[in-house]
Amino acid sequence: MTMAFPEPEVAALRGGSVLGWGVIGSGVIAGDFTSTLHANSDQRVVAVGSRSPERAAAFAARHGIAGAHGSYEALVADPAVDVVYVASPHPQHLEHALLAIAAGKHVLVEKPMTTSEADTRTLAAAARDAGVFAMEAMWTRYLPGTTVVARLLADGALGDVRLATVDVGWPHDPDPSDRMFDPAAGGGALLDAGVYGHWFARFATGAPVTSSTTGALSDRGVDLQSVTVSTADGGAQSVVTTSMTAWTPGLAVIAGSRATVRWTDHFVFPASFALHHGADAEHWEDPSGLRGRQGLVWQAAALARYVEEGRTESPVHSLDDSIGVAAALDAARVALGPTPAVPQRVTSTP
């Protein structure tokens with residue numbers, strides 16, 4: 001059996017609406033995001049904000065950015081900034097997103113959008129009340145390969161989805177100073193890597209109606225690894241495996257009654273996949289040439305298009321979807337046992 005794959009429905013990286021981006025945070029992910037925007041799109045980061053004027057200035061110099069602000073308040077007040085990319089640590093996402101929303105700015109918030117369902121609801125309500133665009137930076141959803149699979153699902157090419165499996169695991173050496181092992185810093189595998197897996201399960205099968213999680217906690221109460229089995233409305237099941245004690249290949253699978261999609265590269269990043277019809281397989285290759293975190297650019301291009309269209313949230317990963325992913329992460333963490341509360345608001349000083 002041979003079929004023509006649908007064309008990727010992705011935003012053009014060049015042309016269209018060009019926004020002025022402000023970045024909250026000056027860490028690795030902020031740098032990778034800025035680099036790929038400047039190298040691979042017409043979108044431009046025009047300002048960066050940090051609690052340290054020195055770090056902001058260094059980041060701006062490194063990336064050719066005109067504006068460097070020594071406070072987040074100054075960044076969101078910058079008239080050149082149309083949209084704020086929140087790239088601060090997980091527990092600060094809510095505070096910094098609310099700051100941008102209150103200033104009338106659109107926001108792209110690193111995943112997880114916040115560290116709980118309740119706070120994700122608070123963020124979503126604030127954005128909706130203000131009428132600004134808000135989106136979780138679930139960048140994998142906007143990659144060309146994911147958009148092709150979404151079309152296959154929508155067109156019924158897989159038949160009825162029966163099962164999805166996905167694993168996300170990157171090992172971290174035990175280190176008390178590493179935020180991954182610090183509950184106050186939003187540590188643990190689920191918030192850092194599991195957010196991808198739980199999003200994927202929802203993407204493939206729909207929202208879970210039942211779930212069960214087992215796993216292991218560190219002596220400080222952060223989740224080291226877990227396996228969640230969920231059932232969605234209609235009976236499709238998913239298995240999400242997350243670890244920060246071992247590396248996993250990230251070769252996700254969506255199995256349907258007619259065909260099965262199996263990623264042949266790590267699903268989180270720009271990747272290729274095979275469509276299996278029994279013993280026969282057809283292969284789809286990512287045509288973009290972008291690799292690794294260069295793929296962060298697709299979500300920014302999508303956001304710019306959505307803003308140009310007058311939308312206030314993503315049509316493919318809505319605020320309700322972000323709330324649903326946060327609820328799944330909450331449920332998995334609760335199932336693993338009592339963990340120290342993650343502070344949701346960390347006061348930033350100018």
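The values are calculated or read from the model by the stated rules, or taken from the named source; none is laboratory data. In this text, all values refer to a predicted model and were calculated from it rather than measured experimentally. Counting neighbours? That spans all protein chains shown, and the Cβs are built from the backbone with ideal geometry, glycine included. These area figures cover heavy atoms from the full protein model, side chains too; ligands, DNA and RNA do not enter into them. Shrake-Rupley method; radii C 1.70, N 1.55, O 1.52, S 1.80 Å.
Please list, ordered by first then second residue, the pairs with beta carbon atoms under 7 Å, 6 or more apart or interchain, first in the range 4-24 and within 20 Å of VAL109 (Cα to Cα), second part of a loop (DSSP other than H, G, I, E, B) and open to solvent by 20 Å² or more (accessible area, probe 1.4 Å).
VAL18/ASP42; LEU19/ASP82; GLY20/ALA80; GLY20/ASP82; GLY22/ASP78
Output the residues belonging to the range 232-275 that are open to solvent by 50 Å² or more (accessible area, probe 1.4 Å) and either part of a strand (DSSP E or B) or among the basic types (Lys, Arg) (or both).
The answer is GLN237, ARG258, ARG262.
Taking the range 213-230 on its own, how many of its residues are among the β-branched types (Val, Ile, Thr) and open to solvent by 40 Å² or more (accessible area, probe 1.4 Å)?
Of the residues in that region, 3 qualify.
Is it the case that VAL76 is crowded, with 23+ Cβ neighbours inside 10 Å, in a strand (DSSP E or B) and not small (Gly, Ala, Ser)?
no
Here are some residues: ARG51, ARG62. Which one is open to solvent by 50 Å² or more (accessible area, probe 1.4 Å) and part of a loop (DSSP other than H, G, I, E, B)?
ARG51
Tell me, yes or no, whether the range 80-92 has at least one residue that is open to solvent by 10 Å² or more (accessible area, probe 1.4 Å), hydroxyl-bearing (Ser, Thr, Tyr) and not in a loop (DSSP other than H, G, I, E, B).
Checking the range 80-92: not a single residue is open to solvent by 10 Å² or more (accessible area, probe 1.4 Å), hydroxyl-bearing (Ser, Thr, Tyr) and not in a loop (DSSP other than H, G, I, E, B).
Would you confirm whether any residue within the range 203-212 is more than 17 Å from PHE267 (Cβ to Cβ), over 21 Å from the mean Cα position of the chain (by Cα) and crowded, with 18+ Cβ neighbours inside 10 Å?
Yes, the range 203-212 contains a residue that is more than 17 Å from PHE267 (Cβ to Cβ), over 21 Å from the mean Cα position of the chain (by Cα) and crowded, with 18+ Cβ neighbours inside 10 Å.
Looking at the range 276-301, which of the residues that are closer than 26 Å to GLY256 by Cβ and either in contact with a Phe, Trp or Tyr (Cβ under 7 Å, 6 or more places away or on another chain) or of a type in the set (Lys, Arg) (or both) is least open to solvent (accessible area, probe 1.4 Å)?
For the range 276-301, the residue satisfying everything is GLY295.
With (1) open to solvent by less than 20 Å² (accessible area, probe 1.4 Å); (2) in a helix (DSSP H, G or I); (3) among the small types (Gly, Ala, Ser) as the list, and GLY187 as the residue in question, which single condition is left unmet?
Among (1) open to solvent by less than 20 Å² (accessible area, probe 1.4 Å); (2) in a helix (DSSP H, G or I); (3) among the small types (Gly, Ala, Ser), the lone unmet condition for GLY187 is (2).
Would you pick out the residues in the range 311-330 that are of a type in the set (Val, Ile, Thr) and either open to solvent by less than 40 Å² (accessible area, probe 1.4 Å) or not in a loop (DSSP other than H, G, I, E, B) (or both)?
Selection gives ILE323, VAL325.
Which of the following residues is closer than 21 Å to ARG311 by Cβ, in a helix (DSSP H, G or I), aliphatic (A, V, I, L, M) and in contact with a helix residue (DSSP H, G or I) (Cβ under 6 Å, 6 or more places away or on another chain): ALA127, ALA154, ALA150?
After ruling out the rest, the residue left standing is ALA127.
Would you confirm, using the coordinates I've provided, whether ALA328 is at pLDDT below 95 and among the aliphatic types (A, V, I, L, M)?
So ALA328 fails the test.
Looking at (1) in contact (Cβ under 8 Å) with a residue 40 or more places away in the chain; (2) open to solvent by 10 Å² or more (accessible area, probe 1.4 Å); (3) touching a Ser or Thr at 6+ places or on another chain (Cβ under 7 Å); (4) within 25 Å of VAL10 (Cα to Cα), which one does GLY197 not meet, given that it meets all the others?
Of the numbered conditions (1) in contact (Cβ under 8 Å) with a residue 40 or more places away in the chain; (2) open to solvent by 10 Å² or more (accessible area, probe 1.4 Å); (3) touching a Ser or Thr at 6+ places or on another chain (Cβ under 7 Å); (4) within 25 Å of VAL10 (Cα to Cα), the odd one out for GLY197 is (2).
Are any residues in the range 139-170 hydrophobic (A, V, I, L, M, F, W, C), farther than 23 Å from VAL195 by Cβ, open to solvent by 10 Å² or more (accessible area, probe 1.4 Å) and touching a residue at least 12 places away in the same chain (Cβ under 8 Å), and if so, which ones?
ALA157
Here is a list: GLY206, GLY186. Which entry is within 24 Å of ASP320 (Cα to Cα) and either at pLDDT below 95 or among the charged types (D, E, K, R) (or both)?
Within the list GLY206, GLY186, the selection yields GLY186.
Here is a yes/no grid of residues against (1) at pLDDT 95 or above; (2) outside any strand (DSSP E or B):
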{"position": "MET3", "(1), (2)": "no, yes"}
{"position": "HIS38", "(1), (2)": "yes, yes"}
{"position": "VAL46", "(1), (2)": "yes, no"}
{"position": "ALA57", "(1), (2)": "yes, yes"}
{"position": "LEU98", "(1), (2)": "yes, yes"}
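Pull up the range 276-302, narrow it to residues that are on the phi > 0 side of the Ramachandran plot and part of a loop (DSSP other than H, G, I, E, B), then point me to the one that is modelled with the highest pLDDT.
Once the filter is applied, the top-ranked residue is GLY289.
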